[in-house]
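Here's the structure we're looking at; comments come further down.
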Amino acid sequence: MSVTTSYPHIRIDDEGAARLGRTRYKVLHLAGEHYHYGWTAEELLRQHPDLRPEEVYATLAFFYDHFDELVAQMHAQENELAALRPQPTLSRAELLRRRKGVA
């Protein structure tokens, strides 16, 4: 038996990202706030007063129905951002100089 789930408040944009209706919000953004910060639906509504309850609950339903895929996307984005941050390259002499407090 196959069950097809529809999300009336979620659309897939031209780039394949799930979006909340015609808003600027990607499902991944709101799901990230829920996943990383532990924000409940009520907190999401408080933080985003332009959203309606049915939109937030649809987002959370979509998130949990696609949990593994969306969490993997979140981690991939985190890794991409980490790769863009400049990594310090200090010599051993510079580290020792800083440790001694020499300017």
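The values are calculated or read from the model by the stated rules, or taken from the named source; none is laboratory data. This is a predicted model, so every value here is computed, not measured. As a convention, Cβ positions derive from the backbone with ideal geometry for all residues, glycine included, and neighbour counts pool all protein chains shown. Ligands, DNA and RNA are stripped out before the accessible areas are found, and what is left, the full protein with its side chains, is counted by its heavy atoms. Shrake-Rupley method; radii C 1.70, N 1.55, O 1.52, S 1.80 Å.
The table below lists the values:
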| quantity | calculated |
| --- | --- |
| Whole-Hz couplings from phi, Karplus 6.51/-1.76/1.60, listed for region 16-23; x for Gly and Pro | x, 8, 6, 10, 8, x, 9, 7 |
| Region 59-103: equivalent-ellipsoid semi-axes (sqrt of 5 x gyration tensor eigenvalues, Cα, Å) | 43, 10, 7 |
| Phi to ³J(HN,Hα) by Karplus 6.51 cos²θ - 1.76 cosθ + 1.60 over region 24-30, Hz, x for Gly, Pro | 7, 7, 8, 4, 4, 5, 5 |
| The chain, dipole about Cα centre (Lys/Arg Cβ +1, Asp/Glu Cβ -1), debye to the nearest 20 | 940 debye |
| For the chain: accessible area per residue (Å², 1.4 Å) | 75 Å² |
| Shape call, the chain: gyration tensor on alpha carbons, a/c limit 1.5 | prolate |
| Amide proton proximity set for Tyr25, modelled H, under 5 Å, gap of 5+ | Leu20 |
| Most to least packed among 83-95, 18-30 [average Cβ atoms within 10 Å] | 18-30, 83-95 |
| Residue (of Gly16, Tyr64, Leu81) at the positive-pole extreme of the chain, dipole from beta-carbon charges | Leu81 |
| Carbon + sulfur, % of accessible area of the chain - ligands and nucleic acids excluded, 1.4 Å | 53 percent |
| Environment charge at Leu45 (Cβ cut-off 15 Å; Lys +1, Arg +1, Asp -1, Glu -1) | -4 |
| Per-residue ³J(HN,Hα) for region 37-50, Karplus 6.51 cos²θ - 1.76 cosθ + 1.60, θ = phi - 60°, Hz, x for Gly and Pro | 9, x, 5, 7, 4, 5, 5, 4, 5, 5, 6, 10, x, 7 |
| Rounded to 10°, Cα long-axis angle of helix 53-65 versus longest principal axis of the chain | 70 degrees |
